[in-house]
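All remarks here apply to the structure that follows.
The values are calculated or read from the model by the stated rules, or taken from the named source; none is laboratory data. The structure presented is a predicted model; accordingly, all values stated were derived computationally and were not measured. Here the Cβ is made from the backbone with ideal geometry for all residues, glycine too, and neighbour counts use every protein chain on show. In case anyone asks, the SASA skips ligands and DNA or RNA and just uses the protein heavy atoms, side chains included. Shrake-Rupley method; radii C 1.70, N 1.55, O 1.52, S 1.80 Å.
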Amino acid sequence: MNVIRRRGWELAESCATPEHVFLNRRGFMAAAAGAAVIGITPELAMAQRVSDLANMPDPTRDLYPAKRNEKYVLDRPLTEESINANYNNFFEFGSSKNIVKAAQALKTRPWTIKIDGMVEKPFEIGIDDLVRKVGIEERLYRMRCVEAWSMTIPWSGFQMSKLVEMAKPLGSAKYVRMETFLDKSIAPGQRQSWYPWPYVEGVTIEEANNELAFLVTGTYGKPAPKQHGAPLRLALPWKYGFKSIKSIVRFSFTDKRPKSYWEDLQSAEYGFWANVNPEVSHPRWSQATEEILGTGGERKPTILFNGYGEYVASMYSGLGKERLWA
Ligand code: MTE
């Protein structure tokens, strides 16, 4: 049998051509031509091509481990990788914490991100092109879930302000609305029609430009595993974890405050701002302390803005009656 082996220095076509172009134009033409020769339908050939791409090793693997940005320090040890990677909230794949296996059905390549709404010119970009364009660094952040547990994670990725800069929002845009993929065929949670899919989150443009707002592509010095929201998720360490939307496919700039997934489901319990505050209880439990995962149940007092007040508090002064904490 004649097997072509690619040498290490040879770029796959998918690496040399922007991903969405590769798939939409050249990919389709090549697939159609090849299909005609061997007598299968172009659709089937295209599906095969997409599946080949999905099974490739992460094309940005060479960028890891990224250089750590030493500015962001922790007051507690890092959570063990095995704990972090096996205790997840990703409702698309189930409502338990144990979704690792189900989440492996997510195909993270090809992955196209749409930037639209109130921007100079809407565009699409493939995740690998985006990552190579902006570069990545590592940051150690705390993460506080609204359910009163917390972790500390070495995220890799880039400051969200870089994406805002690329998007060139119009002066009239006030918010960034973000959306997760929607695919019932692989995400069993999305077959449950009582949830308001797709998962949506939003921040103000000022928050998106805050230096702490971080778009995550990796964890623990490697590309992020699917259960953490590969290939692109958000980390907003001063807000409850549900604001940190996973597996993002779209950023829309808008002058209307986005209604997030949890707000849509239960606005009495979850609002737009969701900043961490130990003094404001959730309607069903206290937020005064948090369980540090991986310590056998140790609890610590929760800190206002999860300890990141020096970076973010000024954004919330003068907001009067806004419900800033839930
Ligand atoms: N993003 C999507 N798309 N779907 C989700 O269910 N859960 C949120 C957030 N982002 C969620 C999501 C919640 S409630 C939390 S606490 C964090 O992801 C959990 O992130 P982790 O599993 O990586 O720790």
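Considering region 272-322 alone, what residues qualify as being touching a residue at least 60 places away in the same chain (Cβ under 8 Å), in a loop (DSSP other than H, G, I, E, B) and among the hydrophobic types (A, V, I, L, M, F, W, C)?
The initial filter retains those residues of region 272-322 that are touching a residue at least 60 places away in the same chain (Cβ under 8 Å), namely 272, 274, 276, 282, 285-287, 289-294, 300, 302, 305-309, 311-312, 315.
Adding the requirement that they be in a loop (DSSP other than H, G, I, E, B) leaves 272, 274, 276, 286-287, 293-294, 302, 308.
Residues satisfying the conditions are 272, 274, 276, 293.
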Fill in the blank from the handout: Within region 60-89, restricting to residues that are surrounded by 13 or more Cβ atoms within 10 Å (Cβ to Cβ) and of a type in the set (D, E, K, R), the one that is farthest from the ligand (Cβ to nearest atom) is 68
Practice task
For region 208-231, enumerate the residues that are within 28 Å of residue 170 (Cβ to Cβ) and within 11 Å of the ligand (Cβ to nearest atom).
Solution key: 216
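How many of the residues making up region 262-271 are touching a residue at least 12 places away in the same chain (Cβ under 8 Å) and part of a loop (DSSP other than H, G, I, E, B)?
Initially, region 262-271 is screened for residues touching a residue at least 12 places away in the same chain (Cβ under 8 Å), giving 262, 264-265, 268-271.
Restricting the remaining residues to those that are part of a loop (DSSP other than H, G, I, E, B) gives 268-271.
Number of matching residues: 4.
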Practice task
May I ask you to verify whether residue 279 is over 24 Å from residue 183 (Cβ atoms), within 13 Å of the ligand (Cβ to nearest atom), out of contact with any Lys or Arg (no Cβ under 6 Å at 6 or more places or on another chain) and in the same structural domain as residue 158 (by TED's automatic domain parsing)?
Solution key: no
Practice task
Can you confirm whether region 291-308 contains a residue that is within 14 Å of the ligand (Cβ to nearest atom), farther than 29 Å from residue 101 by Cβ and surrounded by 22 or more Cβ atoms within 10 Å (Cβ to Cβ)?
Solution key: yes
Practice task
Check whether at least one residue in region 193-207 is among the hydroxyl-bearing types (Ser, Thr, Tyr), touching a helix residue (DSSP H, G or I) at 6+ places or on another chain (Cβ under 8 Å), away from the ligand (no atom under 12 Å from the Cβ) and more than 22 Å from residue 156 (Cα to Cα), and report yes or no.
Solution key: yes
Handout entry: Residue within region 234-249 that is part of a loop (DSSP other than H, G, I, E, B) and over 16 Å from residue 151 (Cβ atoms) present
Key = yes
Exercise for the section: Can you tell me which residue within region 234-269, out of those that are open to solvent by 10 Å² or more (accessible area, probe 1.4 Å) and touching a Ser or Thr at 6+ places or on another chain (Cβ under 7 Å), is nearest to the ligand (Cβ to nearest atom)? Expected result: 246
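Within region 60-84, can you find the residues that are assigned to a loop (DSSP other than H, G, I, E, B), in contact with a helix residue (DSSP H, G or I) (Cβ under 8 Å, 6 or more places away or on another chain) and at pLDDT 95 or above? Step through it out loud before you land on a result.
Just the residues of region 60-84 that are assigned to a loop (DSSP other than H, G, I, E, B), to begin with: 60, 64-67, 69-80.
Pick out the ones that are also in contact with a helix residue (DSSP H, G or I) (Cβ under 8 Å, 6 or more places away or on another chain) and you get 60, 75.
Selection gives 60 alone.
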